[in-house]
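Remarks on the structure that follows.
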Amino acid sequence: MKKSEVVLCEFYFSSLKKSKLRPVIVYKDNLPFDDFIGIPISSQIDNLKDDEFIITNSYFLDGEIPKDSKVIIRKPFAISKGVIIKKYGTLDSKIYTKVKDKFCVYFC
């Protein structure tokens, strides 16, 4: 796993009885305790906010996502590498730079 990859993760609800699968962009992959910072992706692309933008399969160096989706910059979080189910692919450097730039504008 490395930054700019899009991975599918399994997130459990607080009851630990149910879970949801969600794609995320690996933003930073060198955290302690086998964690990484992920930027969430959603296929619900209506009503884009200022910190969101669309990604399509044309933005991937390799692999693909099931459908056009949006990147949600305002909701990064630490994720255990143990919940990764699979890798969708790797974003090209131009779009990953856009992710980093928007992250810095939003949080810096």
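Computed from the coordinates by the stated procedures, all read-outs in this text should not be read as laboratory data. Model, not experiment: these values are computed from the prediction. Counting neighbours? That spans all protein chains shown, and the Cβs are built from the backbone with ideal geometry, glycine included.
When the residues of the stretch 1-58 are filtered to those that are of a type in the set (A, V, I, L, M) and over 16 Å from residue 96 (Cα atoms), which remaining residue is surrounded by the fewest Cβ atoms within 10 Å (Cβ to Cβ)?
16
Would you mind stating whether residue 61 is under 14 Å from the mean Cα position of the chain (by Cα) and touching a residue at least 24 places away in the same chain (Cβ under 8 Å)?
For residue 61, the condition - under 14 Å from the mean Cα position of the chain (by Cα) and touching a residue at least 24 places away in the same chain (Cβ under 8 Å) - is not met.
Considering each residue of the stretch 65-91, count those that are part of a loop (DSSP other than H, G, I, E, B) and either exposed (fewer than 14 other Cβ atoms within 10 Å of the Cβ) or free of Cβ contacts under 8 Å to residues at least 40 places away in the same chain (or both), and give that number.
The first filter runs over the stretch 65-91 and keeps only residues part of a loop (DSSP other than H, G, I, E, B), leaving 65-68, 73-76.
Filter once more, keeping what is either exposed (fewer than 14 other Cβ atoms within 10 Å of the Cβ) or free of Cβ contacts under 8 Å to residues at least 40 places away in the same chain (or both): 66-68, 73-75.
Total meeting the criteria: 6.
Going by the structure shown, is residue 21 over 13 Å from residue 81 (Cα atoms), in contact with a strand residue (DSSP E or B) (Cβ under 6 Å, 6 or more places away or on another chain), in contact (Cβ under 8 Å) with a residue 12 or more places away in the chain and in a strand (DSSP E or B)?
yes
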